[in-house]
1. If I ask for residues that are under 22 Å from the mean Cα position of the chain (by Cα), hydrophobic (A, V, I, L, M, F, W, C) and over 22 Å from N153 (Cα atoms), which ones from region 367-415 would you list?
2. Which residues, counting only those in region 205-235, are assigned to a helix (DSSP H, G or I) and either over 20 Å from K25 (Cβ atoms) or not aliphatic (A, V, I, L, M) (or both)?
3. Go through region 306-323 residue by residue and tally those that are under 20 Å from I386 (Cα atoms) and either in the same structural domain as D214 (by TED's automatic domain parsing) or surrounded by fewer than 21 Cβ atoms within 10 Å (Cβ to Cβ) (or both).
4. Please determine whether any residue of region 400-412 is over 30 Å from L130 (Cβ atoms) and in contact with a strand residue (DSSP E or B) (Cβ under 9 Å, 6 or more places away or on another chain).
5. Does I289 satisfy the criteria of being of a type outside the set (S, T, Y), assigned to a helix (DSSP H, G or I) and in contact with a strand residue (DSSP E or B) (Cβ under 7 Å, 6 or more places away or on another chain)?
6. Mind checking which helices (runs of 4 or more DSSP H) fall wholly inside region 90-181 and carry at least 3 residues that are β-branched (V, I, T)?
7. Has region 238-247 got at least one residue that is at pLDDT 80 or above, crowded, with 21+ Cβ neighbours inside 10 Å and within 27 Å of the chain's Cα centre (by Cα)?
Amino acid sequence: MLNEHPVIGFFPTFHSLGEVLPQKKIAKNFIDNGGKVIFFSHGGQFEYLIKDIGCKLIRLKPLDYIEIIEKFDLSKIPVEKQQFLAYDKKTIELFVKDEIEAFKKTKIDLVLSSFNPTTSISARFLKIPLVVLLSGTSTSLYYSSGYATFPDNYENIFTKVLPRILKRYITRWMLLNNKHFVKNFNIVGKKYNIKKFKTLNEILEGDYTLVCDDINLLGVKPSDRFPLKNFIGPVSIGFSDYQSKEVDEDIIKHLKRPGKSILLIMGSYPKKKRFINILNMLNKTNYNIVVVSTTISEKDLSYKKENILFKKFIKSPQAINKMVDLAIIHGGRGTVYNAAYSGKPSIGIPSFIEQQYNIDCLVRHGAGIRLSYKFFEEDKLKKAIINIFNNYNIYLKNAKNLASKLQKEILEERASMRINEILKTNNKQKS
């Protein structure tokens with residue numbers, strides 16, 4: 001670690017568990033090795049999670065997301081656009097001013113952000129290195145790779161008849177030239193003499209972008225902007241050393257029943273009705289099903305067969321992934337890596353673009369099948385399950401081969417080391 005004991009400003013989105021926990025793990029590792037950490041927040045229900053690592057938390061102007069998005073008809077706005085609705089010109093101005101004051105006062109040496117786009121102005125105005133922790137499938141590197149499939153949310157009668165290769169070309173161009181919400185950031189950025197943002201990617205990616213994905217899963221090639229050392233790996237929930245190795249006794253007993261077994265774990269699925277559609281289809285089968293959900297229970301079924309076990313929480317998702325024959329997931333980063341590390345095949349039903357691309361990674365490795373969320377049909381899910389079980393040796397071999405390629409080291413340690421390298425580089429440039 002650096003002898004100077006640099007102060008790092010950690011700035012996750014405290015509204016997202018998937019953003020808070022990776023930063024918490026990196027912060028703890030950084031502190032354990034002599035670094036100093038301050039957390040900043042624009043509000044969120046997961047602020048309490050960092051209390052046990054002894055960090056100072058500075059609360060800035062809160063993002064009243066709910067109040068703002070109530071002005072919109074969200075049924076007409078794709079999920080990937082909804083998260084930007086709160087960033088009107090007024091909010092950007094308030095946040096940038098607040099962040100600049102807080103960063104000056106605390107004298108931080110570097111900002112580590114994850115979806116706090118206003119730091120793209122505040123950190124650069126103060127000439128503080130901006131490091132952004134980002135999913136690999138949300139980077140311009142992934143978009144330019146040619147792997148990006150046409151977003152399911154945008155499919156319609158017309159697009160479904162277009163050649164797949166043409167849709168990929170259109171998708172690549174759209175993602176790399178996305179200018180949504182850029183105007184407001186440029187209006188505010190101009191006041192701080194910030195170079196004009198050409199695309200949304202330039203706002204979301206930092207001076208350095210740390211990719212919290214395994215490059216072997218993504219299948220992309222490093223570049224000058226995304227060197228191999230910036231691929232720190234999947235610092236996320238569910239598959240690290242922090243996960244319990246214990247498995248609930250009722251799950252062990254349930255999975256001892258004869259027949260194939262399936263884990264249904266969909267995270268925060270946007271529409272309860274869709275989740276119930278999936279569950280109704282499984283309820284008509286004889287597979288042994290473990291359902292993990294905080295919002296769905298057996299009360300949501302007209303009847304429940306004894307082959308279905310409901311759990312609100314499980315101690316070790318990855319351990320259970322290894323015990324079952326197949327997982328049905330939504331494509332969140334945590335669930336994808338639990339499935340990938342388990343070496344078992346999956347079926348993904350993603351609800352927005354990042355989840356879609358996460359599932360696509362499993363599909364490219366021959367370890368799973370992706371189904372449409374928008375055009376979901378129970379019969380298609382049934383056929384996908386039968387397809388995997390009828391060709392199980394092939395899917396299982398591919399899934400195990402993928403698991404053998406994934407990183408095994410402590411990934412938050414790699415992130416801390418990379419942050420220190422960036423600090424040293426920045427210090428040399430200043431001297």
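The values are calculated or read from the model by the stated rules, or taken from the named source; none is laboratory data. For clarity, every value in this text was computed on a predicted model and none was experimentally measured. Here Cβ is always computed from backbone atoms with ideal geometry, including for glycine, and neighbour counts include all displayed protein chains.
1. Once the filter is applied, which keeps residues that are under 22 Å from the mean Cα position of the chain (by Cα), hydrophobic (A, V, I, L, M, F, W, C) and over 22 Å from N153 (Cα atoms), region 367-415 yields A367, A399, L402, A403, L406, I410, L411, A415.
2. Pass one, region 205-235, residues assigned to a helix (DSSP H, G or I): 215-218, 228-230.
Across region 205-235, the qualifying residues are N216, L218, L228, K229, N230.
3. Pass one, region 306-323, residues under 20 Å from I386 (Cα atoms): 307-308, 321-323.
Pick out the ones that are also either in the same structural domain as D214 (by TED's automatic domain parsing) or surrounded by fewer than 21 Cβ atoms within 10 Å (Cβ to Cβ) (or both) and you get 307-308, 322-323.
Qualifying residue count for the region: 4.
4. No, region 400-412 contains no residue that is over 30 Å from L130 (Cβ atoms) and in contact with a strand residue (DSSP E or B) (Cβ under 9 Å, 6 or more places away or on another chain).
5. Considered against the rule, which asks whether it is of a type outside the set (S, T, Y), assigned to a helix (DSSP H, G or I) and in contact with a strand residue (DSSP E or B) (Cβ under 7 Å, 6 or more places away or on another chain), I289 comes out as no.
6. On the way: elements: 119-125, 140-144, 164-176.
Qualifying helices (runs of 4 or more DSSP H): 164-176.
7. The answer is no, given that none of the residues of region 238-247 is at pLDDT 80 or above, crowded, with 21+ Cβ neighbours inside 10 Å and within 27 Å of the chain's Cα centre (by Cα).
This table checks each residue for (1) at pLDDT below 95; (2) touching a helix residue (DSSP H, G or I) at 6+ places or on another chain (Cβ under 7 Å); (3) not assigned by TED's automatic domain parsing to the domain that holds Y287.
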residue: G334; (1), (2), (3): yes, yes, no
residue: Y337; (1), (2), (3): yes, no, no
residue: S342; (1), (2), (3): yes, yes, no
residue: S351; (1), (2), (3): yes, yes, no
residue: C361; (1), (2), (3): no, yes, no
residue: R370; (1), (2), (3): no, yes, no
residue: I388; (1), (2), (3): no, yes, no
residue: Y392; (1), (2), (3): no, no, no
